[in-house]
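Notes to accompany the following structure.
The values are calculated or read from the model by the stated rules, or taken from the named source; none is laboratory data. Nothing here was measured: the structure is a model prediction, and the numbers come from that model. Quick reminder, even Gly has a Cβ in these numbers, built from the backbone with ideal geometry, and neighbours come from all protein chains shown. The area values use the complete protein model at the heavy-atom level, side chains included, leaving out ligands, DNA and RNA. Shrake-Rupley method; radii C 1.70, N 1.55, O 1.52, S 1.80 Å.
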Amino acid sequence: MAQRICITSQKGGVGKTTVALNLAVALCERGKRVLLVDLDPQGGVGLALARGDTALIGLTEVLTGRARPEDAVMATRLEGLSLLPRGRLDPMDVPHYEQAVFAAGALAKVIGALQSKFDLVLYDTPAGLGMPTRAALSASDWALVIVQTEALALRSLSQLLRVLEQVRATVNPGLKLLGLLPTMVELRKEPSREVMEELWGGFAGVMESTVPRAEVFAAASSRGVPVAFLEGPLSPEARRFESLAVEVETTLNQGAAHAAEQRPARQLL
């Protein structure tokens, strides 16, 4: 059964879709079969790959009964990586889409029909704590929290962590924190460095990997490709995602080993 990772953040503009796409690529290049699911009503993954609103069928069609899950999955040119796009969604229908995603068991049912073909399912969620994010957290094994290294993102981080605890306590007791991933890091600038120091000193689960603020991400976005697909030597930023993939795999493997060690209480007599 595939391990499911919800990639989430409290605020927008933190690089969440960038992380989701480039982490999926890095995991595939390490031999994993990955399904990247675009839950964002704005279709962030499709936009990052330079695909328009009407270019790809996807989750919208599945939830409305116009396509089967297996027909909505799109294979990529990278072996092992597949996408479940958002689908064709009129902006006026976003509230209906969000309600359909949030309906009890709806997302789990869609992914349940697909996950035997994959090792990992990555959910790219919209910013904030709305219905698609709650649905993804309810249908995930792990949460990867993206934290932009600026003061406002740090102040709102506790809100997202509270939601994780609430989801774990009420609907998904198996949900675990994969880590807090700092993004747009600029350690040479004092505000960014101060946020990193507060993260290191005040929060558990801060990942060793970080994602810097770098122009290469804009270059990749303008080309509609992951950073590792740009021409020329592999960039330092692409190598950071290789390191992130290793860290994610290590945590997942440790979680699996811990689960295997759990034994029920027994009586000898």
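For region 169-181, the criterion of being open to solvent by 90 Å² or more (accessible area, probe 1.4 Å), hydrophobic (A, V, I, L, M, F, W, C) and over 21 Å from the mean Cα position of the chain (by Cα) is satisfied by no residue at all. Being modelled with pLDDT of 95 or more and in a strand (DSSP E or B) is the requirement here; does LEU107 meet it? When the stated conditions are applied, LEU107 does not pass them. Restricting attention to region 218-235, the residues being more than 22 Å from SER82 (Cα to Cα) and either open to solvent by less than 30 Å² (accessible area, probe 1.4 Å) or touching a residue at least 12 places away in the same chain (Cβ under 8 Å) (or both) number 1. Would you mind stating whether LEU157 is within 20 Å of VAL19 (Cβ to Cβ), modelled with pLDDT under 95 and open to solvent by 60 Å² or more (accessible area, probe 1.4 Å)? So LEU157 does not fit the description; no.
Conditions tested, residue by residue: (1) of a type in the set (Gly, Ala, Ser); (2) buried (at least 19 other Cβ atoms within 10 Å of the Cβ); (3) part of a strand (DSSP E or B).
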site	(1), (2), (3)
PRO126	no, yes, no
PRO132	no, yes, no
ALA136	yes, yes, no
LEU144	no, yes, yes
VAL147	no, yes, yes
LEU161	no, no, no
VAL167	no, yes, no
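For region 84-104, a tally of residues being farther than 23 Å from LEU21 by Cα, of a type outside the set (A, V, I, L, M) and in a loop (DSSP other than H, G, I, E, B) returns 1.
Here GLY13 passes the criteria (1) open to solvent by 10 Å² or more (accessible area, probe 1.4 Å); (2) part of a helix (DSSP H, G or I) except the one numbered (2). All conditions in (1) assigned to a helix (DSSP H, G or I); (2) modelled with pLDDT of 95 or more; (3) open to solvent by 20 Å² or more (accessible area, probe 1.4 Å) hold for GLY31, with the sole exception of (1).
May I ask you to verify whether GLY46 is more than 27 Å from GLY174 (Cβ to Cβ) and either in contact with a Cys (Cβ under 6 Å, 6 or more places away or on another chain) or assigned to a loop (DSSP other than H, G, I, E, B) (or both)? Considered against the rule, which asks whether it is more than 27 Å from GLY174 (Cβ to Cβ) and either in contact with a Cys (Cβ under 6 Å, 6 or more places away or on another chain) or assigned to a loop (DSSP other than H, G, I, E, B) (or both), GLY46 comes out as no.
Tallying residues that are of a type in the set (Val, Ile, Thr) and either open to solvent by 50 Å² or more (accessible area, probe 1.4 Å) or touching a helix residue (DSSP H, G or I) at 6+ places or on another chain (Cβ under 6 Å) (or both) within region 84-97 yields 0. Total residues in region 70-83 satisfying the condition of being outside any loop (DSSP other than H, G, I, E, B) and either out of contact with any helix residue (DSSP H, G or I) (no Cβ under 6 Å at 6 or more places or on another chain) or surrounded by fewer than 19 Cβ atoms within 10 Å (Cβ to Cβ) (or both): the figure is 6. Could you check, for region 247-268, whether at least one of its residues is closer than 19 Å to THR149 by Cα, touching a strand residue (DSSP E or B) at 6+ places or on another chain (Cβ under 8 Å), of a type outside the set (Ser, Thr, Tyr) and not in a strand (DSSP E or B)? Among the residues of region 247-268, not one is closer than 19 Å to THR149 by Cα, touching a strand residue (DSSP E or B) at 6+ places or on another chain (Cβ under 8 Å), of a type outside the set (Ser, Thr, Tyr) and not in a strand (DSSP E or B), which makes the answer no.
For (1) within 29 Å of VAL94 (Cα to Cα); (2) in contact (Cβ under 8 Å) with a residue 24 or more places away in the chain, each residue gets a yes or a no:
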{"site": "ARG134", "(1), (2)": "yes, yes"}
{"site": "SER140", "(1), (2)": "yes, yes"}
{"site": "GLN148", "(1), (2)": "yes, yes"}
{"site": "SER158", "(1), (2)": "yes, no"}
{"site": "ARG162", "(1), (2)": "yes, no"}
{"site": "VAL171", "(1), (2)": "yes, yes"}
{"site": "LYS189", "(1), (2)": "no, no"}
{"site": "GLY202", "(1), (2)": "no, no"}
{"site": "VAL216", "(1), (2)": "no, no"}
